[in-house]
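Some notes on the structure that comes next.
The values are calculated or read from the model by the stated rules, or taken from the named source; none is laboratory data. Just so it is clear, the model here is predicted, and its values are computed rather than measured. Ideal geometry is used to build each Cβ from the backbone, glycine not excepted, and the neighbour counts take in all protein chains shown.
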Amino acid sequence: MDTQALLLSVLASVTLTAFIGAVNARGPARMVISYLLAIICFCISVFHFTQYFVVPEEVQEMNPQVKNVVPAPSLALPAPDLAESAQEDTQSEAQSQAVAQYLGAARGVANAGAALATTLSGLALDAVEDLSDEEYERLQNNAGNSLNSARKIKNDFASLGNPPPQYSSAHQTLDQGLSGLVSACSNLDRFFHAEDKSEEAQRKTAFRSGIQQALAQLRRVTSQF
């Protein structure tokens, strides 16, 4: 027990004794003195009682925890960032749409190239000398149109831009197949404009090997899109 509490106990005992003495006192003088002593002891007890239970300002300034109790930290989990989640969903959706758009365009280019290569692979150039002038001119015009078509398909491929990472290999194969198709069509067109038999034979051989290689690459790449 500290000194302040001991003092309060003593004052309470003295006050009680003084009141008891005042009640049992005989004679006016003794009664007045007893009551006066009891009141003084009571006032002193009340004063020390209030001082004991009220924290002085000096103590509050030295110990801020007495004056301001710091609340315990909250253990609640932080709320999810809805804006960031929505942004990620938007980016994912945009990427999916870009991949789907690329696949559709690449598939169309590959199919067009394979169809042209298939048509040209069945072209016979051995008996062109036996054709009439009209038939020869028709084949010559077809050769020029085929070259223009192959170049257009190649330009459509160039407009695809960079492929998604998972389709980079197929993109490269398609590029090689279309380049071979343009080269084969160029040899076919020059075949009909050859200056001599030697150049005719050279263009014909280059066309046949080139169109077969391009057709194989284009057929293989169409299954990758």
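Things worth noting here:
- Test: residue in the range 133-144 that is at pLDDT below 85, surrounded by fewer than 15 Cβ atoms within 10 Å (Cβ to Cβ), out of contact with any strand residue (DSSP E or B) (no Cβ under 9 Å at 6 or more places or on another chain) and polar (S, T, N, Q): no
- Residue in the range 129-144 that is in contact with a Gly (Cβ under 9 Å, 6 or more places away or on another chain) and either farther than 21 Å from residue 200 by Cα or not basic (Lys, Arg) (or both) present: no
- The set of residues in the range 141-164 being assigned to a helix (DSSP H, G or I) and under 33 Å from the mean Cα position of the chain (by Cα) consists of 156, 157, 158.
- Verdict on residue 224 being in contact with a Ser or Thr (Cβ under 9 Å, 6 or more places away or on another chain) and outside any helix (DSSP H, G or I): yes
- Residue 155 farther than 25 Å from residue 216 by Cα and at pLDDT 95 or above: no
To keep it simple, each residue is scored yes or no on (1) crowded, with 19+ Cβ neighbours inside 10 Å; (2) within 25 Å of residue 135 (Cβ to Cβ); (3) modelled with pLDDT of 95 or more.
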residue: 180; (1), (2), (3): yes, no, yes
residue: 184; (1), (2), (3): yes, yes, yes
residue: 193; (1), (2), (3): no, yes, no
residue: 202; (1), (2), (3): no, yes, yes
residue: 207; (1), (2), (3): yes, yes, yes
residue: 210; (1), (2), (3): yes, yes, yes
residue: 213; (1), (2), (3): no, no, yes
residue: 224; (1), (2), (3): no, no, no
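- Counting only residues that are within 20 Å of residue 214 (Cβ to Cβ) and part of a helix (DSSP H, G or I), the range 83-134 holds 17 of them.
- Considering 195, 137, the condition of being part of a helix (DSSP H, G or I) and more than 23 Å from residue 212 (Cβ to Cβ) is satisfied by 137 alone.
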